[in-house]
Amino acid sequence: MIYAIPYVLLVCFFGIAAWRFHYADDSDIRNRITLLCIFVFVFFFGFRGFCFYDWYAYYPIFLQIDLHTLDVSMPYEPGFSLLMAICKSLFNNYHFFILVCCLINTVLLLRFFQQRINNIPLGLMIYICMGGLGLSTDLIRNSISILLFINSLQYIEERKPIPFFLINAVGMTFHLSAFFYFPLYFFLHRRYSKWIYLAIFAIGNLIYIFHIPVFLTLVSFIAGIISPQLNYKIMAYTELMPSDGFRLSIGYLERLLTGILIFLYIGKLRDIRKDNDIFINSILLYFAMFFFFSEFKTVGLRFSNLFCYAYWILWIDLIKCFAIENNRKLFIFFLSIYCVLKIYGSTNNIIARYDNVLINAQPFHIREQIFNKNFNDI
């Protein structure tokens, strides 16, 4: 319990701020609440210590990287490697690099929110609980490419291919997964029948419940065409990968409820904002990636995480869809409880222990020892 306390308090803070923002009549009060939330967000994530997992790989690279020899020692994608090298040349401190990454992400996230939602504190709370915690702690490269992509969504709606492809080409220099965003320009904005949505969602649930090996079957089929030996190696390798069968968990119930609500209110969601088809299609891709590839938990989470941004918009829009005030309050209550439980479950372990470098953060060698001792037990 103790390791989850800072993260639970952070979510509760944003929840209270969102409530206060909603009932504030004065625009100055709302502006101050928003600025306070942005400050807390940057303070919490920008000055974090060696929390979670990715620092274990990035910190040694930061010590080795050099701006003058970057062309021969580029460990990751060129944009990310260049950013790391520039930060080191300016201030040779890993935590400064993390702060810069946090500031980049914060600017991109706020730009996205300001175009689409009014209650920024509520958006930050949902962001943290629905994919944002990982983006702000572990997936440093991936986070920049995802946040660049969501800032290019407007060009899908406006049918401006050049800025869309340019932005995501930059995203690819931070994480190659941005390549999967390129084809979305041609269909993500289209309005599909709600029955197509329901069919894909239902099939995904059946695959998840009955543990149908879609991913392994697809990969094996492609590999078999290329080379029988490659197919054999893939089969041998995937036998060692942990699979994740059906579990009646609160996470599954949330996805089931969210998917059903979107189907029921799909018409109202489309009326609320003109570009909601983009987010409806995005959350359908999220469900498809998660359910279809659920036989391997890591694969399903990684692919679905590319579309977690749909939650940040659709959950807020769903609140507006309920005509009865009590139903609206029940949905907000469910979201609040679920966010607290989800963040608790994600952070209640020693590797997630929060440190802040401005207060009293454990040094790398101490966290490395803790990591090596406890990683396999998480």
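Quick notes
- Disulfide-incompatible cysteines by the Cβ rule (no partner under 4.7 Å) in the chain: 12, 37, 51, 87, 101, 102, 308, 321
- Expressed as a whole percent, the accessible area of the chain that falls on carbon and sulfur atoms is 67 (1.4 Å probe).
- Relative contact order computed over the range 1-137 (Cα-Cα under 8 Å; 6+ residues apart), in percent: 36 percent
- Table column - 3J(HN,Hα) (Hz), the range 88-99, Karplus curve with 6.51, -1.76, 1.60, x for Gly and Pro: 5, 5, 7, 7, 6, 8, 4, 5, 5, 4, 5, 4
- 5 angstrom amide H check on residue 296, placed H, neighbours 5+ away: 244
- Gyration tensor over alpha-carbon atoms, the range 113-168, equivalent ellipsoid semi-axes in Å: 23, 16, 6
- Integer Hz, Karplus 6.51/-1.76/1.60 couplings in order for the range 353-370, x for Gly and Pro: 3, 7, 10, 10, 5, 7, 10, 6, 9, 5, x, 4, 5, 6, 5, 5, 4, 5
- The mean sequence distance of close C-alpha pairs (under 8 Å, at least 6 residues apart), as a share of the length of the chain, puts its relative contact order at 25 percent.
- Distance between the 7 Å Cα→Cβ label points at residue 362 and residue 194: 5.1 nm.
- Entry comment: accessible area of the chain is 49 Å² per residue, from protein heavy atoms only and a probe of 1.4 Å.
- Full-stretch length increase - residue 375, residue 268 - with 0.36 nm per residue and alpha-carbon distance subtracted: 34.0 nm
- Short to long, the 20 Å bins of the Cα pair-distance histogram for the chain hold 25, 60, 15, 0 percent of all pairs.
- Listed residue (171, 153, 139) projecting farthest to the positive dipole end of the range 128-193, Cβ model: 153
- Pair residue 160, residue 344: separation of 7 Å Cα→Cβ label points (nm): 4.6 nm
- Cα-projected label distance for residue 16 with residue 337, points at 7 Å along beta-carbon direction, nm: 2.1 nm
- Charge tally for residue 125 (other residues, Cβ to Cβ under 14 Å; Lys, Arg +1; Asp, Glu -1): +2.
- Ordering 80, 41, 10 by Cα displacement along the dipole of the range 1-80 toward the positive end leaves 10 in first place; charges were set at the Cβ atoms of Lys, Arg (+1) and Asp, Glu (-1).
The values are calculated or read from the model by the stated rules, or taken from the named source; none is laboratory data. Computed from a predicted model, the values in this text were never measured in an experiment. Every residue, glycine among them, receives a Cβ derived from its backbone with ideal geometry; neighbour counts consider all protein chains shown. Accessible surface areas use protein heavy atoms only, side chains included; no ligands, DNA or RNA. Shrake-Rupley method; radii C 1.70, N 1.55, O 1.52, S 1.80 Å.
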